[in-house]
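To keep things clear, I will list the structure first and then write my remarks on it.
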There are 2 protein chains.
Amino acid sequence: MHLPLVKAGKAHRLVESESEDRPGDRLRAAWTAAFVFPEGDSMENPSAPQAQAFSDVDRAAVYQAIFSRRDVRGQFLPTPVPDDLLARVLMAAHHAPSVGFMQPWNFLLVKSDAVKQRVHNVFAEANNEAALMFPNEKREIYSQLKLQGILEAPINLCITCDRSRSGPVVLGRTHMPTMDLYSSVCAVQNLWLAARAEGLGVGWVSIFHEKALQDALGIPHHIVPIAYLCIGYVSHFNNKPELEKAGWLPRLPINDLVYFEQWGDSDFGQNFPLTVALAKMQSDIQEKGVFPA
Amino acid sequence: MHLPLVKAGKAHRLVESESEDRPGDRLRAAWTAAFVFPEGDSMENPSAPQAQAFSDVDRAAVYQAIFSRRDVRGQFLPTPVPDDLLARVLMAAHHAPSVGFMQPWNFLLVKSDAVKQRVHNVFAEANNEAALMFPNEKREIYSQLKLQGILEAPINLCITCDRSRSGPVVLGRTHMPTMDLYSSVCAVQNLWLAARAEGLGVGWVSIFHEKALQDALGIPHHIVPIAYLCIGYVSHFNNKPELEKAGWLPRLPINDLVYFEQWGDSDFGQNFPLTVALAKMQSDIQEKGVFPA
């Protein structure tokens, strides 16, 4: 069901050589061939084949990554991370969806103790301020928390967003200007799930003054640091998020979050089977530790 | 290596009964037991076990989802989506990482033709404006593009962000106020990858005036619509992103995007093996259609 790769290659070559001769025609031909109603609109052809789902075991593996992924702060091991593995998780990030295919991300890898220490200082300053923002009872607890593994994780990675990548007008970003930021977040989540499958823990540290973090890493102020990630092998993955285990906040009942047709409409009428499926699934996860598969 | 679930349950019960007696002590005990340096700091115990990676085949399945995921606009089939399947992908979204475990998302499911048509009208208005923003040569092409499958996809889903969820001060969001938006984006990407494993196509539509979309769905103006998704079975998944196939923009060489220690530092010296691994991997994907596994 896939087009042969040579077709995409051909379209690409057409564009690359567009300066030779009638560039508009060539670009339009490439678009028409490969993009506009690509390969026939299946709605007009009800006998069209249906793309297959993954096998049951492959699907279960994807869900295992999703449901057993954790934000890791305290379990990092000093074991070095092989380059081929690091390449795979970076490539997973690079294949996130991006608005208008702008791929606005960069990947700034930090391995040196000196740079990690500089970033840790930036974190520590912000974290002291953060503690003061909580009410008395929670403040003392907050100040004891381990919220990052900057110095212990063998790899730190800052994923950024270059908002000017690919020019001023971006397809799909004309009305929601934050879409480029969201694209970089999708890269973070791709990397996080790939890392889980590789047995690598990832922790997202967000307690920084943006400018101080940019300065510690030499990032120009027009480039947005989206996520500062601590990455490494870990002793174990917790069975639940740490904040859930600690009773800071509970996992919300999903049926409280699902609406039908209009905001706030939880009338389960014809959606009763979905509601029941969701309630059972959440109970299995919370009480039995059984993930959907 | 996992704690028994009863431990988490116990911590949670301690908090639930905190109004009885010295709530501060009880909350602190729960935190200390379950959160602060959880289960020992592995850095101080180098003989600690190391969490296992997935098996090779399970890991390959996760990468298959990541690398074969597509933004689908034109290949939707009318085949109904079973409720148990829909429940799984929604639950995957609900298990995204969220800053301070605030879980700021809601899931507004749209199946009725009337609501879809209203949203389509909002899209069409914005899309006409968008076409005018492109330079002449691209404008005609833009206006021919199929950028959404709102009416064809059996399910539409708006994933939102409630910025006031869990109160004014959120752990981890004290200095980067956009972290809540990013959490909802992680939910989108979890759902998207789960859907790929289920054989469901997903298309993210972002060409809307925010207020018009909110009004079409009854969403209060303080709730941010993060993603409007078209979801359904598809005839096929393209082998590459449509914009790449059409030559609109190429996939960027990942080595142009990776820096070491400081922004802009591409001195590959000691990072040469990683650079080589990335270059080979990208070549395998682009030229042979072979994904990392």
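Compute the label-point distances linking A:K280 to its equivalents in the other copies; points lie 7 Å from Cα along Cα→Cβ; give nm, one decimal, shortest first.
Values, ascending and in nm: 4.8.
Given a 1.4 angstrom probe, what's the average accessible area per residue across region A:110-151, in square angstrom?
The answer is 49 Å² per residue.
Can you run phi through the Karplus equation (6.51, -1.76, 1.60; θ = phi - 60°) for region A:135-141 and list ³J(HN,Hα) in whole Hz, with x for Gly and Pro?
So the Karplus estimates, Gly and Pro as x, are x, 2, 4, 7, 5, 5, 5 Hz.
Using the beta-carbon distance between B:L151 and A:H222 and R0 = 45 Å, what value does 1/(1 + (r/R0)^6) give for FRET efficiency, to the nearest 0.05?
On the way: r = 39 Å, r/R0 = 0.87.
After rounding to 0.05, the efficiency reads 0.70.
Could you go through region A:221-228 in sequence order and give the Karplus-derived ³J(HN,Hα) for each residue, using 6.51 cos²θ - 1.76 cosθ + 1.60 with θ = phi - 60°, rounded to whole Hz, and x for Gly and Pro?
Per residue, the Karplus-derived 3J(HN,Hα) values read 5, 8, 9, 8, x, 7, 9, 10 Hz.
Please report, for A:V57, the nm distances (one decimal) from its label point, 7 Å out from Cα along the beta-carbon direction, to the equivalent points in the remaining copies, shortest first.
0.2
Heavy atoms only, probe 1.4 Å: what % of the accessible area of region B:180-274 goes to carbon and sulfur, would you let me know?
Solvent-exposed carbon and sulfur of region B:180-274 make up 56 percent of the total.
I need the phi-derived Karplus couplings for region B:152-164: 6.51 cos²θ - 1.76 cosθ + 1.60, θ = phi - 60°, integer Hz, Gly and Pro marked x.
These are the phi-based 3J(HN,Hα) values: 7, 5, x, 10, 10, 9, 9, 9, 10, 9, 8, 5, 9 Hz.
Taking amide H atoms as placed 1.01 Å from N in the peptide plane, list the residues 5 or more away in sequence, or in a different chain, whose amide H sits under 5 Å from that of A:Y233.
Correct list: A:L77, A:G201.
For A:L132, which inter-copy label distances result when the label point lies 7 Å beyond Cα on the Cα-to-Cβ vector, reported in nm to one decimal and in ascending order?
Copy-to-copy label distances for A:L132: 5.0 nm.
So, for region A:188-293, what is the accessible surface per residue at a probe of 1.4 Å, expressed in square angstrom?
I get 32 Å² per residue for this part.
Which far-off residues, 5 or more places away or on another chain, put their amide H under 5 Å from the one on A:A227, with H placed in the peptide plane?
When sequence neighbours closer than 5 places are left aside, the close amide H contacts are A:I159.
Using a 1.4 Å probe and counting only protein heavy atoms, how much accessible surface gets buried when A and B come together, both sides summed, in Å² to the nearest 100?
15600 Å²
Please go through the residue pairs A:K111/B:K245; A:K138/A:K211; A:K138/A:K245; A:K280/B:K111 and name each one whose alpha carbons sit more than 26 Å apart in this structure.
Checking Cα-Cα distances, A:K111/B:K245; A:K138/A:K211 exceed 26 Å.
Quick one: if you stick a label point 7 Å off each Cα along the C-beta vector at A:K211 and A:Q52, how many nm between them?
So the label points at A:K211 and A:Q52 sit 5.7 nm apart.
In region A:249-293, which residues give up 40 Å² or more of accessible area once the other protein chains are added, compared with their chain alone (1.4 Å probe)?
Correct list: A:L249, A:R251, A:L252, A:I254, A:L257, A:Y259, A:E261, A:Q262, A:W263, A:L274, A:M281.
Where the only charges are on Cβ atoms (+1 Lys, Arg; -1 Asp, Glu), what is the dipole of region B:90-206 about its Cα centre, to the nearest 20 debye?
Dipole magnitude for region B:90-206 comes out near 200 debye.
Search the structure for amide H atoms under 5 Å from the amide H of A:V258, placed 1.01 Å from N in the peptide plane, and list their residues when 5 or more places away or on another chain.
Amide H to amide H, under 5 Å and 5 or more residues apart or across chains, A:V258 pairs with B:F107.
The values are calculated or read from the model by the stated rules, or taken from the named source; none is laboratory data. Computed from a prediction, not measured in an experiment: that's the story for all the values here. Note that each Cβ is placed from the backbone with ideal geometry, even for glycine, and that neighbours are counted across all protein chains shown. Side chains included, ligands, DNA and RNA excluded: accessible areas come from the protein's heavy atoms. Shrake-Rupley method; radii C 1.70, N 1.55, O 1.52, S 1.80 Å.
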